[in-house]
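Comments concern the structure below.
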Amino acid sequence: MENVRTYRAPDYTRLVFDLSSQVEHQVFSLEDPNRLVIDLSDATLFASFADLNLDGTPITNIRSAVRNDNDTRVVLDLNAAIQALDHFCWRRMINMAIA
């Protein structure tokens, strides 16, 4: 994962992961506290979440960790329960809308 971007629309937030190659991924949500989890298979994180502007989004923090030696798990800490409206991997990008 080379870069991550956010875009805030009136009724959703779009989160885009720029990748060096296409990857398999899974998205699921957790409660208490509210989180959205994105598991990326055979992916290494080179992007930084520190400079993302999360103001006005349901995302309070983004963190990541290596999983199973080769995979990356990205966790979005949320201020409320949300759902992933759509998510898809297109070429070298994971594009996700959440509301």
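Readers should treat all values here as calculations from the given coordinates under stated rules, not as data from a laboratory. Everything numeric in this text was worked out from a predicted model, so none of it was measured. Methodologically, a virtual Cβ is constructed for each residue, glycine included, from the backbone with ideal geometry; neighbour enumeration extends over all protein chains shown.
The figures follow:
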item	result
Dipole moment magnitude, nearest 20 debye, the chain about Cα centre, only Lys, Arg, Asp, Glu C-beta charged	200 debye
DSSP-defined beta bridges in the chain - what % are antiparallel, rounded to 5	100 percent
The stretch 3-98 - percent relative contact order, Cα under 8 Å, separation 6 or more	33 percent
Residue-count net charge about Val66 - beta-carbon cut-off 14 Å; Lys, Arg +1, Asp, Glu -1	-1
Net charge of Cβ neighbours under 15 Å - reference Val75; Lys, Arg +1; Asp, Glu -1	-1
The stretch 13-29 - phi-based ³J(HN,Hα) in whole Hz, Karplus 6.51/-1.76/1.60, Gly and Pro as x	10, 9, 10, 10, 9, 8, 10, 7, 7, 5, 10, 6, 8, 10, 10, 8, 10
For the stretch 30-35, 3J(HN,Hα) per residue [Karplus equation, 6.51 cos²θ - 1.76 cosθ + 1.60, θ = phi - 60°, Hz, x = Gly/Pro]	10, 10, 6, x, 5, 8
Sequence-distant residues sharing a close amide H with Leu19 (under 5 Å, placed H)	Glu2, Met93, Ile94
